[in-house]
Each structure stands twice: as structure tokens, then as C-alpha cells.
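Read through the structure below, which is laid out as C-alpha cells, and then see the notes.
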Amino acid sequence: MSETPVKVVVDLSKPKGQRESIIELTQAEIDEREVMATEAEAQRLVDEQAQADAEALRQSGLDKLIALGLTEAEAIALVGA
Amino acid sequence: MAMTLIQTVTVGSGGAASIEFTGIPQDRKDLVVLYSMRRSSGGARLQFNDDTGNIYDVLYFFGSGSSVITNSFTTGYIGLNDGSNSTSTTANTFASGLVYIANYTSSADKTISSEVVTENNATQAYANLAANRYNSSSAITKVKWTLSANEFSSISLYSIS
């Protein structure tokens with residue numbers, strides 16, 4: 001297989017069996033992919049941090065409710081499993 | 001209401017950077033995309049008509065099994081990263097996803113719902129549910145699916161009429 005990444009283009013205006021073409025990416029498209037990868041990684045990190053923050057908040061809330069005298073089951077019933 | 005398969009594309013080992021459906025017939029009501037996907041790294045995104053400007057509104061819920069977050073923004077694509085399988089998941093497992101594109105020939109803005117869930121033979125798995133809007137008066141004639149790293153399994157495009 002070629003070193004250059006490829007794309008699959010499906011032209012639905014053509015009859016079946018003649019629709020698919022495999023085309024090498026242009027340099028501009030390759031550059032766009034690199035930008036996309038950087039953006040996606042940044043978004044992944046943001047989402048993972050948000051997940052961790054949400055879980056930490058939940059646990060903190062549970063701990064405080066339990067410290068007030070609720071059982072763990074009662075606290076979970078309030079904040080959700 | 002009838003759901004009709006327009007085309008299935010299967011990409012084997014070696015993968016493809018993107019899959020583009022062009023010349024989409026304009027005589028149907030809605031479009032549905034069902035896909036099985038795995039990416040080596042980076043992102044997965046969906047764009048229409050080669051539009052890369054900030055005309056896609058995205059609101060998504062992302063669940064990890066222990067918590068759920070939500071986020072919203074306007075951007076140049078519909079992202080399908082979260083929930084997609086990557087190298088951190090079991091080898092040869094693929095995320096399953098669905099995208100529903102309503103009134104794709106309309107001259108009004110189009111609404112798109114999307115969902116994807118991870119397949120993984122381990123604890124870690126994600127689900128991503130999103131409501132999106134494509135702010136364009138143009139009918140959708142092209143759907144482009146891009147991965148920033150080459151891996152894919154299959155994508156099927158259906159029409160609803």
C-alpha cells in the first residue's frame with residue numbers, strides 16, 4: 001500500500017459497481033488531518049478532565065453527606081449512583 | 001416510511017483517511033448512516049458539502065460509566081471522537097455508531113442526531129450522544145467522514161423516504 005494516505009470517494013450518481021474510487025490525499029488534506037489530530041487530542045484531554053472533575057465533585061458530595069450522618073446508601077440515593 | 005440502503009463501504013487493513021459520499025440523491029426525506037469504526041489516534045469528524053466553516057452547532061453528552069459530562073459549541077465539523085474505539089481499546093474491536101440527518105434537502109438549517117458507543121473487552125467504555133445542527137441553506141449533496149489516523153471498518157448510507 002502507498003505511503004500516502006488515501007480516501008475512498010463514493011459517487012452515488014454513478015451506477016453500482018462504478019462508484020468507488022481510491023484517491024491519494026493532497027498535501028493540503030494531509031496538513032488538515034494533522035491539525036485535526038491536534039484538535040481532537042486537545043478535546044479528548046478537556047473531556048477527560050471534565051469527567052474526572054465531575055467524578056471528584058460527586059465523591060466529595062457523598063463524603064460530606066456521609067459526614068452529616070447519612071448512610072452511604074442514603075447519600076447515593078440523593079446524588080445518584 | 002421506508003429505509004433503503006444506498007451504499008455500504010468497507011475498508012480493510014491499512015484503512016482510509018476519509019470516506020466521501022458524493023452525488024447523494026435528492027429525492028428522499030432523511031439520511032441515516034450506520035458505521036463501525038476504529039481509529040489509530042486523533043479525531044473522527046463529519047462534514048457536509050465540503051463546508052469547513054463554523055456552521056455546525058454541537059451539543060453532546062459523554063458518559064464514561066462513572067460520570068456524564070455535557071458540552072456545547074459551534075465549530076467546523078461534527079466530532080465523533082468520544083466513544084470511538086482507539087488504540088486504548090481491545091484489538092480488533094470497533095465502535096458502533098448512528099447518525100440521523102433529517103430533511104437533508106431542505107433550504108433551512110438541518111438537524112443531525114448522532115450516537116456512538118465503544119466496544120471494548122475491558123472496563124473502560126464510553127457513550128456519546130449528540131444533537132447537532134448544520135446551519136446551511138444548501139441541500140446536503142456530499143457527506144465526508146474523516147479520521148486523522150487510518151483505520152475504518154464499514155459505513156452504510158441509508159435513505160428514509
Practice task
Scan B:T141, B:T118 and give me the residue that is more than 24 Å from B:Q26 (Cα to Cα) and either without any contact (Cβ under 8 Å) to a residue 40 or more places away in the chain or among the β-branched types (V, I, T) (or both).
Solution key: B:T118
Handout entry: Those strands (runs of 3 or more DSSP E) lying entirely in region B:1-102 with at least 3 residues more than 30 Å from A:A54 (Cβ to Cβ)
Key = B:3-10, B:18-22, B:30-37
Practice task
Go through region A:3-20 residue by residue and tally those that are at the interface with chain B (Cβ under 9 Å from one of its Cβ atoms) and loosely packed, with under 13 Cβ neighbours inside 10 Å.
Solution key: 2
Exercise for the section: Please work out if B:N132 is of a type outside the set (S, T, Y), within 24 Å of A:I30 (Cβ to Cβ) and either part of a strand (DSSP E or B) or modelled with pLDDT under 85 (or both). Expected result: no
Exercise for the section: Report yes if A:L62 is more than 7 Å from chain B (Cβ to nearest Cβ), out of contact with any Asp or Glu (no Cβ under 7 Å at 6 or more places or on another chain) and crowded, with 16+ Cβ neighbours inside 10 Å, otherwise no. Expected result: yes
Completion exercise
Every listed condition ((1) under 12 Å from the mean Cα position of the chain (by Cα); (2) away from chain A (no Cβ under 14 Å)) holds for B:S106 save (1)
Exercise for the section: Being over 25 Å from A:S13 (Cβ atoms) and surrounded by 21 or more Cβ atoms within 10 Å (Cβ to Cβ) is the filter here, so list the residues in region B:14-51 that pass it. Expected result: B:M37, B:R38, B:R39, B:G42, B:G43, B:A44
Fill in the blank from the handout: In region A:21-43, anything at pLDDT 85 or above and more than 7 Å from chain B (Cβ to nearest Cβ) is listed as A:S21, A:I22, A:I23, A:E24, A:T26, A:Q27, A:A28, A:E29, A:I30, A:D31
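The values are calculated or read from the model by the stated rules, or taken from the named source; none is laboratory data. Model, not experiment: these values are computed from the prediction. Ideal geometry is used to build each Cβ from the backbone, glycine not excepted, and the neighbour counts take in all protein chains shown.
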